[in-house]
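Participant: This is the structure, below, for whatever I ask next.
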2 protein chains.
Amino acid sequence: MSYPPIIRNLLKDLQKLPGVGAKTAERLVFHLLKAPVEDVLSLANNLRQLKEAVKKCRYCFSITEDDPCQICSDPKRDASVICVVEQPKDLLAIEKTGYYQGLYHVLLGRLAPLDNEHAENLTSDALKERIRNSLASPRPVKEIILATNPNLEGDTTALYLFNILKEFPLTVSRIARGIPSGSNIEFANQAILTDALVERKNFLRA
Amino acid sequence: MSYPPIIRNLLKDLQKLPGVGAKTAERLVFHLLKAPVEDVLSLANNLRQLKEAVKKCRYCFSITEDDPCQICSDPKRDASVICVVEQPKDLLAIEKTGYYQGLYHVLLGRLAPLDNEHAENLTSDALKERIRNSLASPRPVKEIILATNPNLEGDTTALYLFNILKEFPLTVSRIARGIPSGSNIEFANQAILTDALVERKNFLRA
């Protein structure tokens with residue numbers, strides 16, 4: 001005697017999700033058994049659609065239902081700047097600021113050899129190809145902004161990209177690091193404060 | 001600019017799950033985007049089937065693909081004892097011991113007024129009906145074992161059941177409480193040790 005086959009299969013499927021073990025899977029199943037039918041069918045349907053309708057943009061590798069994505073196909077965006085990010089959610093975070101008007105390139109990863117994330121898994125070859133095509137076009141790219149995360153893996157990835165982009169006549173920049181706006185110096189750690197001191201700039205000057 | 005509609009909908013659906021907030025939902029979606037297509041389709045399919053093929057047994061209210069369930073329809077089970085549990089997983093836990101040969105009744109809840117779980121949500125009316133029918137049958141039920149959880153809500157539920165079952169000529173028993181087998185007295189809390197002392201029995205006698 002154990003759970004009916006469907007529940008056993010569902011438990012197995014749920015345990016493949018990150019952070020879901022045997023107990024959590026069980027809790028989810030019993031929640032789903034009680035949940036309104038339309039909620040669960042909607043979840044099932046959207047999961048299916050996620051794999052069937054959501055694609056990667058052929059240029060920037062962001063997730064999109066249209067290929068090319070809205071940003072890459074928008075003629076008002078500034079094609080002379082490409083901001084390189086690790087993940088689509090980083091792109092969204094930058095878009096939310098409303099400040100950036102250029103294009104993006106999503107690496108779909110970072111360099112983290114210990115986590116088995118190597119250069120060949122990144123979309124950096126596609127980035128080089130994209131830059132090559134752009135430089136031969138009427139609106140060539142002039143600057144690459146490396147917006148990988150300000151941590152060990154992100155910094156390593158930025159350094160790797162900087163090296164492979166050396167061959168192109170481009171400005172390669174890295175997002176600024178320092179103390180985060182709206183925070184307190186008191187609560188900033190040593191690394192943040194060191195960055196903020198090292199990268200200090202003349203007050204009220206560029 | 002935000003996530004494509006399918007992802008927005010999926011995020012909304014995922015956040016209806018217990019313990020899943022905005023950040024976890026996002027993490028799940030990005031995991032699912034990378035996960036093998038067949039894994040996600042299997043999950044979607046099993047979710048749909050959960051609502052379409054998994055039913056409650058008409059007698060014991062346990063989850064089953066066949067109605068009546070395997071246990072209720074097994075002529076070898078002892079119909080003179082019904083073990084009342086809160087949830088189907090409690091039933092499974094007891095089944096795993098291999099010790100119990102009687103029938104079950106799943107309350108699908110417990111009394112917890114503060115969590116808005118009231119008597120009318122339990123399957124206790126169906127239990128009374130079931131006992132009434134059984135007592136008029138050739139194999140009448142003789143004992144009801146109250147196997148609700150040994151905590152405030154479970155004890156309250158057991159007391160409630162004891163009161164509504166008074167009208168029947170039945171033995172109503174409650175599962176024993178004491179120090180759990182395989183544990184250490186050192187690590188047991190006051191409530192457990194008090195139970196173990198109060199419920200002590202003559203050594204090597206029934």
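Every read-out reported here was derived from the displayed coordinates using simple, explicitly stated rules and does not represent laboratory data. Quick caveat: nothing in here was measured; it's all calculated off a predicted structure. All Cβ positions, even for glycine, are placed from backbone atoms using ideal geometry, and neighbour counts span all protein chains on display.
Participant: Under a 10 Å cutoff between Cα atoms, tell me which one of B:Lys128, B:Lys142, B:Lys23 has the largest fluctuation in the Gaussian network model of chain B.
Facilitator: Most flexible of the set in this elastic network: B:Lys23.
Participant: Could I ask something else about it? Under the definition of partner shielding as Cβ atoms of other protein chains within 10 Å of a residue Cβ, what is the mean value for peptide B:22-29?
Facilitator: Working: counts 0, 0, 3, 0, 3, 4, 5, 7.
Across the residues of B:22-29, the mean count of other-chain Cβ atoms within 10 Å is 3.
Participant: Right, here's the next one. List residues of segment A:6-29, by number, whose backbone nitrogen lies under 19 Å from a label position 7 Å along Cα→C-beta of B:Arg77.
Facilitator: Output list for this probe position: A:6-8.
Participant: Additional query: Can you tell me the FRET efficiency between B:Val172 and B:Ala22 if r is taken as the Cβ-Cβ distance and R0 is 51 Å, rounded to the nearest 0.05?
Facilitator: Numbers: r = 47 Å, r/R0 = 0.93.
It comes out at approximately 0.60.
Participant: Taking a point 7 Å out from Cα toward Cβ as the label site, list the nm distances between A:Gln15 and the same residue in every other copy, smallest first.
Facilitator: Those separations, rounded to one decimal, come out as 3.0 nm.
Participant: What is the average number of partner chain Cβ atoms found within 10 Å of a Cβ in B:33-44?
Facilitator: 6
Participant: Dividing the convex hull volume of the Cα atoms of the protein assembly as shown by its residue count, what figure in Å³ per residue is obtained? Working shown, then result.
Facilitator: Details: hull volume 91.9 nm³, N = 412.
Taking only Cα atoms, the protein assembly as shown has a hull volume of 223 Å³ per residue.
Participant: Right, something else. Between segment A:10-48 and segment B:131-189, how many Å separate their Cα centres?
Facilitator: The distance from the Cα centre of segment A:10-48 to that of segment B:131-189 comes to 31 Å.
Participant: Same structure again: Return the calculated 222 nm mean residue ellipticity for the protein assembly as shown, to the nearest 500 deg cm²/dmol, obtained by summing -39500 (n - 2.57) across DSSP H runs with n ≥ 4 and dividing by the residue count.
Facilitator: Computed ellipticity for the protein assembly as shown at 222 nm equals -12500 deg cm²/dmol.
Participant: So which lysines can B:Lys76 reach, going by Cα to Cα under 19 Å and dropping same-chain residues fewer than 8 places off?
Facilitator: List returned: B:Lys96, B:Lys142.
Participant: Right, next: For B:Asp74, go 7 angstrom from Cα along the Cα-to-Cβ vector, then report the distances to that same point in the other copies in nm, smallest first.
Facilitator: Those separations, rounded to one decimal, come out as 6.2 nm.
Participant: Rounded to whole angstrom, how close does the nearest chain B beta-carbon get to the axis mapping B onto A, and which residue is it?
Facilitator: B:Ala44, 2
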